[in-house]
Structure formats: structure tokens, C-alpha cells
Amino acid sequence: MLQLININKTFPDGTQALRDISLRLDTGMLGLLGPNGAGKSTLMRTIATLQAPDSGEILFDGRSAVRDPRVLRSRLGYLPQSFGVYPYISCYALLEHLAILKGLNDKSNRRRQIEKVLSLTGLGDHAARHPSNFSGGMLQRFGIAQALLGNPQVLIFDEPTSGLDPAERLRLHQLLYEIAKTCLVLLSTHIVDDIEHLSRHTAIMLGGQIIVSGTTRSLFSDLKGGVWQGSFEGSLPYGAILLGQCLQYGKPVVRVFSEFRPGANFESVSPSLQDRYFLCLRKYTEEVV
Ligand code: ADP
């Protein structure tokens, strides 16, 4: 459905935010995982046709969205990382305003669509309230509702769960899962947990590049037998890579990637997407420092 071919973007101050990005995307969810500054939002804005790449091609059903952004724009819903809402206007009235801007000119079709997205996002009982008074989770659901107007085929959600409490996050997960059954959903986040819950496919982005991509499970299944958890005194053996450090029952515990058992106090554990992510981060940091 959507194909990115060798996309590059450098900002006027010389920051190269996207380097040779190529991806092929179909219905379902792609999780785009990376730390702050990796280039996720720049990639999302580029796919949303809000900024043109310096070079490369975006094909939507075989047609160039770089040459003619309208081919993608009319089938696209976008939830940016942060957005404002007008004060003193109800949720329903604001959705109606946005629906008109999206070209939903037929009144009864517009009403049907607004009611559908309100119901899907669980905002039906809050349609008369002002989004400016919504909680963080409700505001994100409002953002998703506006993105769904016009029956888009491609949905771009930039950090949708940032700052939400656990219950709202789970609620949003369920909503995103439902949407991804019939649409292509691009989910950008630095929260590994979101991707593990939601995305069948994942791309890890660092320094403006896609470092690895594939089915989420395949990204870490090949680490099997190489991830260890335990404690150590002194230093790790040669070749072992420290993935992360945490506390367990008040004792420091480390997670390590190593071909061999890194010490007597270590046990082999099942690898996770977080292990792959930290391994990418460690290797990348070593390369660029
Ligand atoms: P992420 O969404 O992964 O946090 P961004 O796409 O926001 O990353 O940023 C990627 C890089 O591009 C960062 O180094 C950021 O500082 C830089 N950047 C983003 N927008 C601009 C801009 N308008 N002008 C200059 N640099 C920018």
C-alpha cells in the first residue's frame, strides 16, 4: 500500500534527520521505535505530506505522493505529537469543523461519521463537553477521533500514549488494535512496551536511519541463548554487552548480552524486544562516539 524509497531529509541548520529510509508497508500496525531525536517525528511528518523529503520517493498504491501529495493526503489521518484545541467549542462542534476542513461536505454523511468516531473512541457521552477541559487520555482519544474522520486508509500516530496513566494507556492500546485491523497504522514511540503489546511489525530508528525492521518477534528471537540476567562484582568478561540495570527486591540486577555465561551469578533468560532495542542503542552509541 505504502512504499518509502531512499528518503532523505536535512534541515537548513545541517541536521540530517532522515538517512536513506526505505520501508514497505501494508494493512496492520508498524511500530517505529527510537529514542528522542532519532527522527521519528520527521519521518511521520514526511509521510503525512507536511514536509517534502530532499530526495527519495513515497508511493501510495503505486502513485507518487512526493509529486502529488493529494494522492495520499485524502486517505490519511494524522495525530501529531502535540496539538491544540480551540477553547469554548464543544467536542462535537470541533469534530464537525475538522470534518468540513477534510472535505466531508454532505451533512448526513458528516453526522454519521462523527457519531461513528465518537462511539469508537468512547467519547459519545462527552460530545457536548469542551475538549480543552478533557483529561490527557480523553484528549488523545479526541485526537484519534479527528484522525479517523474521512475513513482514512493510513493512520499516523506520533507518541499517542505519552504521559497517559496505565488505565488510559491500555484503553488506547485497545482502540489502536481495533483500528489496525483494517488500516495501515504507523505508531511512533519511545515506549518499548507499547510496541510489544501492539505491533506485529517493528522498525528501530537511530540517528535518522532504520537500523533493523521486521516482524516484532523476529527482531529478538535470534537473541535466544544470548541474554543473561544476574549480578556481578568487578567487570564483565570481554565481549559481554551490558543491556540494562535495574533493581529486583532491592538488589541490583543487570541484563547482559553474551555468547557465554558472563559469571556464576547469571542465568539465561528469554530475550525481549527491549533487549534488541538496547543492543542496537549500545552498538550505535559505540559507533558514533
Ligand atoms: P524524534 O521524533 O525521534 O524525537 P525528530 O524527528 O523530532 O526526532 O528530530 C530528529 C532530529 O532532527 C533531531 O536532531 C532534531 O533536533 C532535529 N530537528 C527536528 N526538527 C527540526 C527543525 N525544524 N530544524 C532543525 N532540526 C530539527
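Couple of notes before you dig in:
- Potential lengthening of the chain between SER55 and LEU242 amounts to 63.6 nm, from the contour at 0.36 nm per residue minus the alpha-carbon distance.
- In terms of its Cα atoms, the range 221-288 spans 32, 25, 23 Å along the principal axes, sorted from long to short.
- Amide H to amide H, with H built 1.01 Å from N, SER55 comes under 5 Å of ASN8, counting only residues 5 or more places away or on other chains.
- A simple spin-label model places the labels of LYS181 and VAL212 3.2 nm from each other, with each point 7 Å out along Cα-to-Cβ.
- Length gained when the stretch SER235-ASN151 is fully extended (0.36 nm per residue, less Cα-Cα span): 24.6 nm
- Measuring between alpha carbons in the structure, the pairs from LYS40/LYS107; LYS40/LYS102; LYS40/LYS283; LYS40/LYS116; LYS40/LYS181 lying more than 28 angstrom apart are LYS40/LYS107; LYS40/LYS116.
- In the chain, the calculated helix contribution to ellipticity at 222 nm averages -9500 deg cm²/dmol per residue, counting -39,500 (n - 2.57) for every DSSP H run with n ≥ 4.
- The slack between ASP13 and LEU170, meaning 0.36 nm per residue of separation minus the straight C-alpha distance, is 52.6 nm.
- Direction-averaged projected area, Cα convex hull, the chain: 17.8 nm², rounded to one decimal.
- Under the simplified labelling scheme, the SER268-ARG63 pair shows an inter-label distance of 5.4 nm, with each label point 7 Å from Cα along Cα→Cβ.
None of the figures in this text is laboratory data; all of them are computed from the coordinates on show. This is a predicted model, so every value here is computed, not measured. Here the Cβ is made from the backbone with ideal geometry for all residues, glycine too, and neighbour counts use every protein chain on show.
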